[in-house]
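The next block holds one structure in the form of C-alpha cells; read it before the comments.
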Amino acid sequence: MEMKEIVDTVNDFEGVLVVIPGEGSDSPELAWGDAFFYYAPDGVMPERTQPYGTIVTKNYPGDEESRLDEPGRFRVNIHVGRDRAPQIVDRDATPADADVFVSHPLYGAAGWVSVVNPAASTSEQVISLLHDAHEAARARASRRSGSA
C-alpha cells in the first residue's frame, strides 16, 4: 500500500481535512511531505486539536527507531485510544518492522499505534482504524460544540 492510496481513501471520509505541508506553507520544513488527518468539516485546520492520524516520511528528532530515512519507508500513525492500542500491537515487533502494528515510539502511552509500510498484513486494518479514529474525532467535535 502506498502513501497516496491511504491519503486518497481518507480524503473520502466525510468532514475530513488532509493537510500535506510543502514549500511555502506555514509548517516547518521537517513536516513537508507528511500527511495530517483532522476532522474539520469547515475545511479549516483546528487550532486546539491534534490530528487523529498522520503519515510521516522521515525521522523526526528523538524518533529514529522506525528508520524512516531509508528509501521507500513511511509510517502511518493512528490514535486508537489507550484501551484499544494493546489489543492491536504486536508486542514482539520493533518500530522498524514493516507491515506490523507497534505502539507508537513516542506516543504509544497516549493510545497511538504505528505501522511502517502497511501491506498485506495491515493495509485493511489501517484504513479501518483511520476511519474509526475519524469517527471518534467527529464525536469529540460534536460534544465540544454541544450538538451531540
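The values are calculated or read from the model by the stated rules, or taken from the named source; none is laboratory data. Note that the structure is predicted; figures quoted are calculated from it, not measured. Heads up, the Cβs are rebuilt from the backbone with ideal geometry, glycines too, and the neighbour counts pull from every protein chain shown. These area figures cover heavy atoms from the full protein model, side chains too; ligands, DNA and RNA do not enter into them. Shrake-Rupley method; radii C 1.70, N 1.55, O 1.52, S 1.80 Å.
So A40 passes all but one of these: (1) surrounded by fewer than 17 Cβ atoms within 10 Å (Cβ to Cβ); (2) more than 12 Å from the chain's Cα centre (by Cα); (3) over 20 Å from N117 (Cβ atoms). Which condition number does it fail?
A40 satisfies every listed condition except (1).
Output the number of the condition that L68 fails; it satisfies all remaining conditions of (1) exposed (fewer than 13 other Cβ atoms within 10 Å of the Cβ); (2) farther than 18 Å from E124 by Cα.
(1)
Of all residues being assigned to a loop (DSSP other than H, G, I, E, B) and open to solvent by 10 Å² or more (accessible area, probe 1.4 Å) in the range 116-134, which is farthest from M3 (Cα to Cα)? Just the residue, please.
As a first pass, look at the range 116-134 and keep what is assigned to a loop (DSSP other than H, G, I, E, B): 117-122.
Checking which are open to solvent by 10 Å² or more (accessible area, probe 1.4 Å) leaves us with 117, 119-121.
Working: N117: 8, A119: 11, A120: 14, S121: 16 Å.
Ranking the qualifying residues of the range 116-134, first place goes to S121.
Only one residue in G62, G108 is farther than 16 Å from F37 by Cβ, touching a residue at least 40 places away in the same chain (Cβ under 8 Å) and small (G, A, S), so which one is that? Even if it seems obvious, please write down each step before you answer.
Working: G108 fails: touching a residue at least 40 places away in the same chain (Cβ under 8 Å).
Only one candidate passes the filter, namely G62.
Working only within the range 92-106, note down all residues that are at pLDDT 95 or above, open to solvent by 40 Å² or more (accessible area, probe 1.4 Å) and not polar (S, T, N, Q).
Across the range 92-106, the qualifying residues are D92, D97, A98.
Tell me which residues, restricted to the range 62-88, are assigned to a loop (DSSP other than H, G, I, E, B) and touching a helix residue (DSSP H, G or I) at 6+ places or on another chain (Cβ under 8 Å).
F74, V80, G81, R82
Rundown of residues vs (1) open to solvent by 70 Å² or more (accessible area, probe 1.4 Å); (2) outside any loop (DSSP other than H, G, I, E, B); (3) not aromatic (F, W, Y), yes/no style:
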| site | (1), (2), (3) |
| --- | --- |
| M1 | no, no, yes |
| I6 | no, yes, yes |
| V10 | no, yes, yes |
| L17 | no, yes, yes |
| G24 | yes, no, yes |
| G33 | no, no, yes |
